[in-house]
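Notes to accompany the following structure.
The values are calculated or read from the model by the stated rules, or taken from the named source; none is laboratory data. Model, not experiment: these values are computed from the prediction. Virtual Cβ from ideal backbone geometry, glycine too; neighbours counted across all protein chains shown. Areas reflect the complete protein model, heavy atoms only, side chains present, ligands, DNA and RNA absent. Shrake-Rupley method; radii C 1.70, N 1.55, O 1.52, S 1.80 Å.
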Amino acid sequence: MTRLGGFGDDQAGGAGDDPLSLALEIADAVDGLTELWSVAAQGASLRLSPHQLRALRILESAPGLNLTALAESMETGLPTASRLCDRLEAAGLLERALHPHNRREVRLSLTGHGRQVLGEVAARRSQALAAVLAAMDAAERAALSRGLRGFLAALDGGAPGAVPKS
């Protein structure tokens, strides 16, 4: 938690228009979402670490990456990425194949089982999030939706001091 009182602590009078107070509330919500995401993923038929899931998601969105590109995308070293790929390959989630035009380069791609596991994790996460959203009233969900659209628009618009999306 980012605030001493944790979730729902409104002693400071709520966020109002103060961006820093709202940022702290959002950080609390992100912590809660991260926990929800992690618990939902661990309920899948194959338990994977967040690091392993991230590697699979990267390869899902960019099939055929080589090890160097995966390591850069994950902001990790080559030996760490190589060991990670060894584990994912041993689990039948990833396969390595020689590049058709450069025999020194190995391409990484998901197996059918890897895509299936990612689909299961995504479904479990969506179900867990939907259960939380269902506990909110309709006006709260609508306000959250509007706020998230505004947040994404500001982020895409290059808000000053924002970290660019990669």
In segment 87-110, is there at least one residue being within 24 Å of Ala29 (Cα to Cα), among the hydrophobic types (A, V, I, L, M, F, W, C) and not in a helix (DSSP H, G or I)?
-> no
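Residue-wise test of (1) closer than 25 Å to Glu35 by Cβ; (2) open to solvent by less than 70 Å² (accessible area, probe 1.4 Å); (3) touching a residue at least 60 places away in the same chain (Cβ under 8 Å).
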{"residue": "Ser109", "(1), (2), (3)": "no, yes, no"}
{"residue": "His113", "(1), (2), (3)": "no, no, no"}
{"residue": "Leu118", "(1), (2), (3)": "yes, yes, yes"}
{"residue": "Ala122", "(1), (2), (3)": "yes, yes, no"}
{"residue": "Ala135", "(1), (2), (3)": "yes, no, no"}
{"residue": "Ala154", "(1), (2), (3)": "no, yes, no"}
Note on segment 111-149: residues assigned to a loop (DSSP other than H, G, I, E, B) and either within 23 Å of Val30 (Cβ to Cβ) or of a type in the set (Gly, Ala, Ser) (or both) are Ala135, Met136, Asp137
Would you be able to tell me the number of residues in segment 95-107 that are open to solvent by 70 Å² or more (accessible area, probe 1.4 Å) and either over 19 Å from Leu56 (Cα atoms) or hydrophobic (A, V, I, L, M, F, W, C) (or both)?
-> 5
Among (1) open to solvent by less than 40 Å² (accessible area, probe 1.4 Å); (2) assigned to a helix (DSSP H, G or I) - the single one Leu48 does not satisfy = (2)
Among the residues of segment 63-77, write down those that are under 18 Å from Leu118 (Cα atoms), open to solvent by 30 Å² or more (accessible area, probe 1.4 Å) and in a loop (DSSP other than H, G, I, E, B).
-> Pro63
